[in-house]
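Chemist: Could you have a look at this structure, given as structure tokens, before my questions?
The values are calculated or read from the model by the stated rules, or taken from the named source; none is laboratory data. Here the structure is a predicted model, which is why all the values come from computation and not from measurement. Here the Cβ positions follow ideal geometry from the backbone for every residue, glycine too, while neighbour counts run over all protein chains shown.
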Amino acid sequence: MPEVPAIAVIMLTVGAYVLGFLTPVGQSFLADWLTDWRHRRETRTEANRRFADIQRAMPNLIRELREHFGEFEDARELVVLHDQTVIYQNGPQIFRCYRNRHSGLDDHLARLADAGYLRVVNRVTTSPIYRMTDDFVGFLR
């Protein structure tokens, strides 16, 4: 049997692909794909807008977190301490957030938790611990 030239295979493949979009199944696939693409784009745009609002509300806290991630890129937890005189010895990767440096810190952290960027790990002590979500870390990098 003679070998089929590569150009013929390419033309048949492209023809089958185009024909797929001319059939009802192909058209349905294309419409679904475009709808999903538009939804993903709108979701990304909304997430970017929401983070921009948060960044405007607490620029110093976000700046400090970004600086921390510059040094400790695998950091995921933050602890709230009263001031720099309080010693917290659970490793340097944990971000230490000082109440005396950020006015309204509890409100900021509540807003971050409400937005889904933080999860409470331990709020029983006077030094609550939060875990940052991957989405939040992605925005900080």
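Chemist: List the helices (runs of 4 or more DSSP H) inside the range 18-128, counting only whole elements, that have at least 2 residues being of a type in the set (S, T, N, Q) and modelled with pLDDT of 75 or more.
Modeler: So the answer is 24-57.
Chemist: Moving on. Looking at the range 120-141, which of its residues are under 16 Å from Leu65 (Cα atoms) and free of Cβ contacts under 8 Å to residues at least 24 places away in the same chain?
Modeler: The answer is Thr133, Asp134, Gly138.
Chemist: Give me the pairs, please: first residue somewhere in the range 68-79 and in the same structural domain as Val121 (by TED's automatic domain parsing), second residue anywhere and in a loop (DSSP other than H, G, I, E, B) and of a type in the set (Phe, Trp, Tyr), beta-carbon distance under 7 Å, and either six or more positions apart or on two chains.
Modeler: Val79/Tyr88
Chemist: A follow-up question, please. Name the one entry in Ala115, Ala75, Ala110 that is of a type in the set (Gly, Ala, Ser) and crowded, with 17+ Cβ neighbours inside 10 Å.
Modeler: Just a single option satisfies the conditions, and that option is Ala75.
Chemist: Something else about it: Looking at the range 96-103, is at least one residue of a type in the set (S, T, N, Q) and more than 17 Å from Gly138 (Cα to Cα)?
Modeler: yes
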